[in-house]
Amino acid sequence: MSSPKKITKKELRQVFWRSFALQGAFNYERMQNLGYAYAMIPVIKKLYDKHDDQVKALNRHLEIFNTTPAVSTTIMGISAAMEEQNANDSNFDSNSINAVKASLMGPLAGIGDSLFWGTFRIIAAGIGVSLATQGNIFGPILFLILFNIPHLFLRIAGLKLGYRVGVNSLERIQKEGLMEKIMAMTTTVGLMVVGGMVATMLKLTTPLEFDINGAKVVLQDILDQILPNMLPLIATFVIYGLMKRKVSITKLTLGIIVVGILLHWIGLL
Amino acid sequence: MVAQAIMLGIISGIGILDSRIFGVLMLERPLVLGLLVGLVLGDVQQGVIIGAQLELIWMGIAGIGAATPPDIVTGGVLGTAFAIISGQGVEVALVLAVPIAVLAQSLGVLVRIINTYFMHRADNYAAKANFRGVTIMMWIPPILFFLSVFIPTVLAIILGAEQVKNMIESVPETILGGLEVAGKLLPAVGFALLLDMLFSKKMGVYFFLGFLAASFLDLNITAIALFGACIAIIVNLVINNNSNNQANDQKGNNNNLTEGEIDFE
């Protein structure tokens, strides 16, 4: 028997760079599949010499795939490790490669979405926007830096971790409920930041004034005494309620433009 | 104008390719594109301010899962550009950007449908172990994505800039004032979208905690995020671990209650 086939740093580096193009050929039928297969090509070339083995491997990775792009490298690392086993062990069940991909893409997308879309992006954008609304060009720059430090770190670390520890450790993590814990923690931070943004970034005040026995009463002052930023809070929950009732976002946005003009016309806002 | 239009088209192209071949580095967000549009049109500050407002509105819009969201790239670039070119402020950008994003979305859907064809051709190449063929099928769709925003952006700037400018100048004051109000209301859509993603009865209290921290304590977003991280660690790692251990110790006693059943033995 020939010496065992082994993936080197070179292939892993190629997988890393190719992973950025994951959604390049996104389609409704199998989503990120073509991007995934493209990322795995260096691994397949390295491990398989026979035409038939290459065809099988390419077909495997052209199956449907969809996850948060930032966590995709973790799954690619695992796939690479399993392909390596498959190339060296004739008893290895190659079906398990896709079974693992399919079982991991959901849970990891759950973590990836809440970590990157629901937390890092929100925090970075919150800080970036608060600078940018004053016309400060560091707003957008800081936004990019704050988001991409954890993002690129996880892309690299995830690939290495996936390749090194493979399936067993990730299954263990999932069984121990660590994934749920991470999601709960990121949701906590995300929700608090959104709450803070509703209070600081929605500038809604009413210009209404009343004359009561000659005394001028400013409605906004009264509202502020009850709960500062009450109007932004109400507006957010009215729209959230409409969303829960399945009103489409397009209708909501266009509706708000009309409502805004009306409310201004009658002098309420 | 043509040179600027082409540069703006390239900015749209970079934005749309961010999610496609740049691994979603957040270049696609209006906050970033606004800066670039401002650079091209010679008013960086306006670009950054408008980008920030559009970011607030669309903060909740992210391409999660298989759904195709409104095209915030074309909407953001054209909305910002028209607002700067017409000399009108943020309100104009908001009101133009939203319908443009919805219109442009259909082109994105079209490209994703066309891509299925290239995917099937990739299957054929894979059957012959033709790596080069698969790779080419992978790289044609990004070109389509690029063109799907580059062409509309360039055409809209060349053909539309004058018309948009005239149209906006003829709008009466009351409407412009109303649009300003709408502009202040619209970010609530972004926040509601985020709540849709994060809010639940069990977790909802953290939203109010953040809201109250900003309203009464005047904490900024950075401070809230840091406190939030500490609270998340305390609640999920410190308290829950302890209660889990206790629950394990007293398993025999507690089981019946947590299951909601009464065991008469």
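To keep it simple, each residue is scored yes or no on (1) in a loop (DSSP other than H, G, I, E, B); (2) exposed (fewer than 12 other Cβ atoms within 10 Å of the Cβ); (3) at the interface with chain B (Cβ under 7 Å from one of its Cβ atoms); (4) not β-branched (Val, Ile, Thr).
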position: A:ARG172; (1), (2), (3), (4): no, yes, no, yes
position: A:LYS181; (1), (2), (3), (4): no, no, yes, yes
position: A:THR188; (1), (2), (3), (4): no, no, yes, no
position: A:PRO228; (1), (2), (3), (4): yes, no, yes, yes
position: A:THR236; (1), (2), (3), (4): no, no, yes, no
position: A:ILE256; (1), (2), (3), (4): no, no, yes, no
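If you go through segment A:244-251 one residue at a time, do you hit one that is without any contact (Cβ under 8 Å) to a residue 40 or more places away in the chain, among the β-branched types (Val, Ile, Thr) and either at positive phi or more than 10 Å from chain B (Cβ to nearest Cβ) (or both)? Yes, because at least one residue in segment A:244-251 is without any contact (Cβ under 8 Å) to a residue 40 or more places away in the chain, among the β-branched types (Val, Ile, Thr) and either at positive phi or more than 10 Å from chain B (Cβ to nearest Cβ) (or both).
Of all helices (runs of 4 or more DSSP H) completely enclosed by segment B:1-69, which ones contain at least 2 residues that are closer than 24 Å to A:ASN27 by Cα and facing chain A (nearest Cβ under 9 Å)?
Values: elements: B:2-21, B:30-41, B:44-58.
Helices (runs of 4 or more DSSP H) meeting the threshold: B:2-21.
Inspect segment B:182-189 for any residue being modelled with pLDDT of 85 or more, more than 30 Å from A:LEU191 (Cβ to Cβ) and either at the interface with chain A (Cβ under 8 Å from one of its Cβ atoms) or surrounded by fewer than 22 Cβ atoms within 10 Å (Cβ to Cβ) (or both) and give the result as yes or no. Looking through segment B:182-189, none of the residues is modelled with pLDDT of 85 or more, more than 30 Å from A:LEU191 (Cβ to Cβ) and either at the interface with chain A (Cβ under 8 Å from one of its Cβ atoms) or surrounded by fewer than 22 Cβ atoms within 10 Å (Cβ to Cβ) (or both). Scan segment B:204-212 and tell me whether some residue there is assigned to a loop (DSSP other than H, G, I, E, B) and out of contact with any helix residue (DSSP H, G or I) (no Cβ under 8 Å at 6 or more places or on another chain). Looking through segment B:204-212, none of the residues is assigned to a loop (DSSP other than H, G, I, E, B) and out of contact with any helix residue (DSSP H, G or I) (no Cβ under 8 Å at 6 or more places or on another chain).
Inspect segment A:218-226 for any residue being at the interface with chain B (Cβ under 8 Å from one of its Cβ atoms) and either free of Cβ contacts under 8 Å to residues at least 12 places away in the same chain or surrounded by 14 or more Cβ atoms within 10 Å (Cβ to Cβ) (or both) and give the result as yes or no. Full working, then the answer.
If we filter segment A:218-226 for residues that are at the interface with chain B (Cβ under 8 Å from one of its Cβ atoms), which is where we start, we get none.
Looking through segment A:218-226, none of the residues is at the interface with chain B (Cβ under 8 Å from one of its Cβ atoms) and either free of Cβ contacts under 8 Å to residues at least 12 places away in the same chain or surrounded by 14 or more Cβ atoms within 10 Å (Cβ to Cβ) (or both).
Within segment A:104-158, being among the hydroxyl-bearing types (Ser, Thr, Tyr) and under 16 Å from B:ILE49 (Cα atoms) holds for A:SER130, A:THR133. Among the residues of segment B:162-175, the one identified as of a type in the set (A, V, I, L, M, F, W, C), surrounded by fewer than 18 Cβ atoms within 10 Å (Cβ to Cβ), modelled with pLDDT under 80 and not in a loop (DSSP other than H, G, I, E, B) is B:MET167.
If you go through segment B:126-144 and keep only what is more than 8 Å from chain A (Cβ to nearest Cβ), in contact with a helix residue (DSSP H, G or I) (Cβ under 9 Å, 6 or more places away or on another chain) and part of a helix (DSSP H, G or I), you end up with B:ARG132, B:GLY133, B:ILE136, B:LEU144.
The values are calculated or read from the model by the stated rules, or taken from the named source; none is laboratory data. Please read all numbers here as calculations on a predicted model, not as lab measurements. Note that we place each Cβ from the backbone using ideal geometry, even for glycine, and neighbour counts take in every protein chain shown.
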